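Novice: Would you mind keeping the following structure in view while I ask a few things?
Readers should treat all values here as calculations from the given coordinates under stated rules, not as data from a laboratory. The model shown is predicted, which means the values in this text are computed figures rather than measured ones. With ideal geometry, Cβ positions are generated from the backbone for all residues, glycine too; neighbour counts draw on all protein chains shown.
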Amino acid sequence: MPPQITILPDAQAIAEDAARLWMDLAQAAITQHERFTVALAGGSTPKGLYARLAQPPHRDDAIWANTHIFWGDERMVPPDQPGSNYHMAHETLLSHVALSPDHIHPIPTDVEPGRAAALYERTIQAGFGLEAGAFPRFDLVLLGMGNDGHTASLFPGSFVLDEQNALVMSPYVDHLDAHRITLTLPVINAAANVLFLVTGDNKAATLRDVLAGTKSLPAQLVTPAQGRVTWLLDEAAAAHLP
Ligand code: 6PG
């Protein structure tokens, strides 16, 4: 299924559209299998979406009782630090809606990276009732894209891009001089829905390359076999698209 690409005037319009899509997907998933599982993106772009979901009417919707929150990736910083993806989501969304605490599944960052990845893999397997070797089918995986074409914490040239079995890995990212914990591509590609949120002119050239397939970049490898990919772009990020 080809990706659905929507170009909107600005980040606020993207937040509005993305929030409506989130609610539609949540209601459909809960109707179909009594719960909505979502893997959150970090970084700055999703903040607008999370803040919009934390406002009426979405904030007060019944879906939150059946929503299960996971993360697509995490930085190895404490959950109360500004660099933490958990912290950003907690401040902008999770502390504002009626989520059950046992439906929130943060990536552990108080252990060494390899153990954090192993623990989080077990959290996912338990959360989805998976046999060893099976992949979770998230109802929604939210992703951003860096101007180097990375997504989640899957960076260009990373050995993690070739991983076909593990659900979660803990690559050391040279240019960040830090480890990251990230879902692997097989997990992202098992999703029912993937939503990329990309804004800003600094991503326009990379976005053209990713959507045109002219380079091999991590974001291009997100091709869920039985899933739908939606790109919500602002005009600045879409400036180089045909
Ligand atoms: C992270 C994200 C990462 C992010 C991109 C884009 O942990 O940083 O998961 O993949 O989505 O780097 O970040 P911005 O939204 O800040 O541009």
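Novice: Using θ = phi - 60° and the Karplus relation 6.51 cos²θ - 1.76 cosθ + 1.60, list the HN-Hα couplings for the stretch 229-242 in order, rounded to whole Hz, with x at every Gly or Pro.
Specialist: Once rounded to whole Hz, the list reads 10, 10, 10, 9, 10, 8, 4, 5, 6, 8, 4, 9, 7, x.
Novice: Over all directions, average the projected area of the Cα convex hull of the stretch 111-242 and note it in nm².
Specialist: 8.2 nm²
Novice: I've got another one for you. As a test, work out the antiparallel percent of DSSP beta bridges whose residues both lie in the chain, rounded to the nearest 5.
Specialist: Bridges in the chain are about 25 percent antiparallel.
Novice: Taking 8 Å as the Cα distance limit and 6 or more residues as the minimum spacing, I'd like the relative contact order of the chain as a percentage.
Specialist: It rounds to 24 percent for the chain.
Novice: Going by how many other Cβ atoms sit within 10 Å of their own, how do His240, His175 line up, fewest first?
Specialist: His175, His240
Novice: Quote the Stokes-Einstein diffusion coefficient, in whole µm² s⁻¹, for the chain, based on the Kirkwood radius over alpha carbon pairs, a temperature of 10 °C and a viscosity of 1.306 mPa s.
Specialist: 89 µm²/s
Novice: For Cα pairs less than 8 Å apart in space and 6+ apart in sequence, what is the mean separation divided by the residue count of the stretch 189-232, i.e. the relative contact order in percent?
Specialist: 68 percent
Novice: Continuing with the same structure: Over the Cα atoms of the stretch 1-66, compute the convex hull volume and normalise it per residue, giving Å³.
Specialist: That works out to 105 Å³ per residue.
Novice: Order of Lys215, Lys47, Lys203 from fewest to most other C-beta atoms within 10 Å?
Specialist: Lys215, Lys47, Lys203
Novice: For the stretch 35-124, just list the percent of Cα-Cα distances falling in each 5 Å bin from zero outward, please.
Specialist: 3, 14, 24, 26, 18, 10, 4, 1, 0
Novice: Please give me the summed charge of the neighbours of Lys203: other residues whose Cβ is under 11 Å from its Cβ, Lys and Arg +1, Asp and Glu -1.
Specialist: Around Lys203, the charge tally is -3.
Novice: Let me ask another. Which whole-number percent gives the relative contact order of the stretch 34-103, counting Cα pairs below 8 Å spaced six or more residues apart?
Specialist: It rounds to 41 percent for the stretch 34-103.
Novice: Per the Debye formula with a single identical scatterer at each Cα and no solvent contribution, what log10 I(q)/I(0) holds for the stretch 59-170 at q = 0.18, 0.21 Å⁻¹?
Specialist: One equal scatterer on each Cα of the stretch 59-170 leads to -1.07, -1.40.
Novice: Within the chain, which whole H helices from DSSP have a Cα span along their axis of at least 24 Å and a mean Kyte-Doolittle hydropathy of 0.0 or more, if any?
Specialist: Correct list, ordered by number: 11-33.
Novice: Just add up the charged neighbours of Gln12: K/R +1, D/E -1, any other residue whose Cβ is under 14 Å from the Cβ of Gln12.
Specialist: -2
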